[in-house]
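Since the structure comes first, as structure tokens, the remarks are kept for the end.
The values are calculated or read from the model by the stated rules, or taken from the named source; none is laboratory data. Bear in mind that the values here come from a model prediction, so they are computed numbers and not experimental data. Every residue, glycine among them, receives a Cβ derived from its backbone with ideal geometry; neighbour counts consider all protein chains shown. When the accessible area is computed, the model is the full protein with side chains, heavy atoms only, and any ligands, DNA or RNA have been set aside. Shrake-Rupley method; radii C 1.70, N 1.55, O 1.52, S 1.80 Å.
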Amino acid sequence: MGVCARQAATLGGAVVLTVFAGAASAQADNGVHGRLEVADAGLFSRGDSIEAALGAKDSDAASASLRVTWEPTWGAWSLQAHGLVTIEDGPEVALARAQAGVLPAPPATWFGLTANFADRGDVLGQASLDRLAVAYTTPSLVVRVGRQAITWGSGLVFRPMDLFDPFAPNATDTEWKPGVDMLYVQRLFADGSDLQAIVAPRPARPGGPLTADASSFALHYQTTIGGHQTTALLARDHGDWVAGAGLNGAWGGATWNLEIVPTFLAAGGTRVSALANLSDAVTLAGHNATVFVEYFHNGFGAGDRNLTLATLPPDLKDRLARGQVFSTRQDEVAGGMTFEASPLITLSPTLIADLDDGSLFLLAAGTWSLSNNATLVAGAQAPIGPARTEFGGLPLAPGGQVLLAPPAQIYVQLRRYF
């Protein structure tokens, strides 16, 4: 590890310890909260997958995480501080290291407030500050600076307008997005509209200087036109210009959303992504349910039927590495529901279909509220499709037989809140 990386890790560890100490001293005023989660997943990979080639075709992945949150307020001022400790144990840890070498990503945020306390073989343990932001709030203005999270867009499974660490469609824990170092300003108007401005400075490489081409600057405006909520986006993100327009409304008792997000590449050319979804609250067999269907066009997707990991288009590879795009093909549709089986149990099945190659991804999750502060989550995921498809897996290189494919999995998570 280089000098800059060691300094960042040391700083991250020191700040985490400071936040935990401050949180402990504030325990008396009930200002400290958080979540402890333990989880386990059984992973089942294809016989021609890279996991199988590494001797881990079927494996187990265990993890634990502790998030401590402290969010005090003093009049118009407030502080948001989250300390996070995670530990993972399983062959997917080693595989993630290898994938990072194939798809290297620039730093996701400015400061390296993460320290590895275990990083060897199948084990990775980290301590970090996931939130550290100070805010000033009035009825018409919000100014917040520091590590924080922001979500834009109306996507239910796919999120083309969300530029800052969107959740993957197969994410199993979506309670907190990763924090990003940024300046956030929101102006609220009397008619209910609002304008948000974001500046997220980043270096192009760990420990390097801040650069405009690695950073993001964005304006996001929401208003109501003709009874429809309307959204406009203008951003310069990692050197490219991004625009966006969104519109939503009602159709009978259902709600619909439309988004179009063109990206004007610095290297030349334009990629246009789009989203449309429809959701409705219904009653099924006497139980409350919300059903939805969503179409997504990935402007960065590749149409080549012989696509391999090595031959991904550069603009697609960049966004896969940054975690802004998760699809390699162009057209996908998702459908699913949230079904209240009982007041304490909720079931959430989802099916994603790649319209370009016919592969499928089936996801199912169930949430059981054990008590006011304990929740059990269990689920399964199953990619379905032949080799050289979105969910069947892509060869690592032309002529190669080893695939990078999402594994099937069953998982269970126990969450305890305090």
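Since ARG329 meets every condition but one in (1) open to solvent by 30 Å² or more (accessible area, probe 1.4 Å); (2) not in a strand (DSSP E or B), which condition does it not meet?
Among (1) open to solvent by 30 Å² or more (accessible area, probe 1.4 Å); (2) not in a strand (DSSP E or B), the lone unmet condition for ARG329 is (1).
Could you grab me the full set of residues in region 163-183 that are out of contact with any Leu (no Cβ under 9 Å at 6 or more places or on another chain) and crowded, with 20+ Cβ neighbours inside 10 Å?
PHE164, PRO166, VAL180, MET182
In the list GLY249, GLY244, GLY336, which residue meets the criterion of being open to solvent by less than 50 Å² (accessible area, probe 1.4 Å), touching a Pro at 6+ places or on another chain (Cβ under 7 Å) and part of a strand (DSSP E or B)?
GLY336 is the lone residue from the list that is open to solvent by less than 50 Å² (accessible area, probe 1.4 Å), touching a Pro at 6+ places or on another chain (Cβ under 7 Å) and part of a strand (DSSP E or B).
Among the residues of region 111-149 satisfying the criterion of being assigned to a loop (DSSP other than H, G, I, E, B) and not polar (S, T, N, Q), which is surrounded by the most Cβ atoms within 10 Å (Cβ to Cβ)?
LEU113
Just to be sure I understand the filter: pairs with C-beta atoms under 7 Å, separated by 6 or more residues or on different chains, first member in region 51-63 and assigned to a helix (DSSP H, G or I), second member among the aliphatic types (A, V, I, L, M). Which pairs pass?
What qualifies is GLU51/LEU95; ALA53/VAL402.
Given the condition more than 22 Å from the chain's Cα centre (by Cα), assigned to a strand (DSSP E or B) and more than 15 Å from VAL143 (Cβ to Cβ), answer yes or no: does some residue in region 187-210 qualify?
yes
Which of the following residues is surrounded by 16 or more Cβ atoms within 10 Å (Cβ to Cβ), out of contact with any Gly (no Cβ under 8 Å at 6 or more places or on another chain) and in a strand (DSSP E or B): LEU394, LEU370?
So the residue among LEU394, LEU370 that is surrounded by 16 or more Cβ atoms within 10 Å (Cβ to Cβ), out of contact with any Gly (no Cβ under 8 Å at 6 or more places or on another chain) and in a strand (DSSP E or B) is LEU394.
Somewhere in region 201-219, is a residue under 28 Å from THR338 (Cβ atoms) and among the hydroxyl-bearing types (Ser, Thr, Tyr)?
Checked against the condition, which is being under 28 Å from THR338 (Cβ atoms) and among the hydroxyl-bearing types (Ser, Thr, Tyr), region 201-219 yields no hits at all.
Name every residue in region 183-205 that is in contact (Cβ under 8 Å) with a residue 60 or more places away in the chain and out of contact with any Asp or Glu (no Cβ under 9 Å at 6 or more places or on another chain), in order of residue number.
Passing the criteria: PRO203, ARG205.
Being among the aliphatic types (A, V, I, L, M), within 30 Å of VAL402 (Cβ to Cβ), open to solvent by 30 Å² or more (accessible area, probe 1.4 Å) and not in a strand (DSSP E or B) is the filter here; which residues of region 64-98 pass it?
Within region 64-98, ALA94, ALA96, ALA98 meet the criteria.
Scan region 203-239 residue by residue and report those that are more than 26 Å from SER154 (Cα to Cα) and either of a type outside the set (Lys, Arg) or open to solvent by less than 70 Å² (accessible area, probe 1.4 Å) (or both).
Result: PRO203, ALA204, PRO206, GLY207, GLY208, PRO209, LEU210, THR211, ALA212, ASP213.
Taking the criterion of being aromatic (Phe, Trp, Tyr), part of a strand (DSSP E or B), over 20 Å from the mean Cα position of the chain (by Cα) and surrounded by fewer than 20 Cβ atoms within 10 Å (Cβ to Cβ), would at least one residue in region 408-415 satisfy it?
Scanning region 408-415 turns up no residue that is aromatic (Phe, Trp, Tyr), part of a strand (DSSP E or B), over 20 Å from the mean Cα position of the chain (by Cα) and surrounded by fewer than 20 Cβ atoms within 10 Å (Cβ to Cβ).
Against the condition open to solvent by less than 60 Å² (accessible area, probe 1.4 Å), among the hydroxyl-bearing types (Ser, Thr, Tyr) and more than 21 Å from the chain's Cα centre (by Cα), how does SER49 come out, does it pass?
Against the criterion (open to solvent by less than 60 Å² (accessible area, probe 1.4 Å), among the hydroxyl-bearing types (Ser, Thr, Tyr) and more than 21 Å from the chain's Cα centre (by Cα)), SER49 qualifies.
ALA267 fails exactly one of the following numbered conditions: (1) open to solvent by 40 Å² or more (accessible area, probe 1.4 Å); (2) touching a Leu at 6+ places or on another chain (Cβ under 9 Å); (3) hydrophobic (A, V, I, L, M, F, W, C). What is the number of that condition?
For ALA267, the failing item is (2).
Which residues, counting only those in region 300-326, are open to solvent by less than 10 Å² (accessible area, probe 1.4 Å) and among the hydroxyl-bearing types (Ser, Thr, Tyr)?
Answer for region 300-326, where residues must be open to solvent by less than 10 Å² (accessible area, probe 1.4 Å) and among the hydroxyl-bearing types (Ser, Thr, Tyr): just THR308.
PHE158 versus (1) open to solvent by 60 Å² or more (accessible area, probe 1.4 Å); (2) touching an Asp or Glu at 6+ places or on another chain (Cβ under 9 Å); (3) under 27 Å from PHE361 (Cα atoms): which is the lone unmet condition?
Just one mismatch for PHE158, condition (1).
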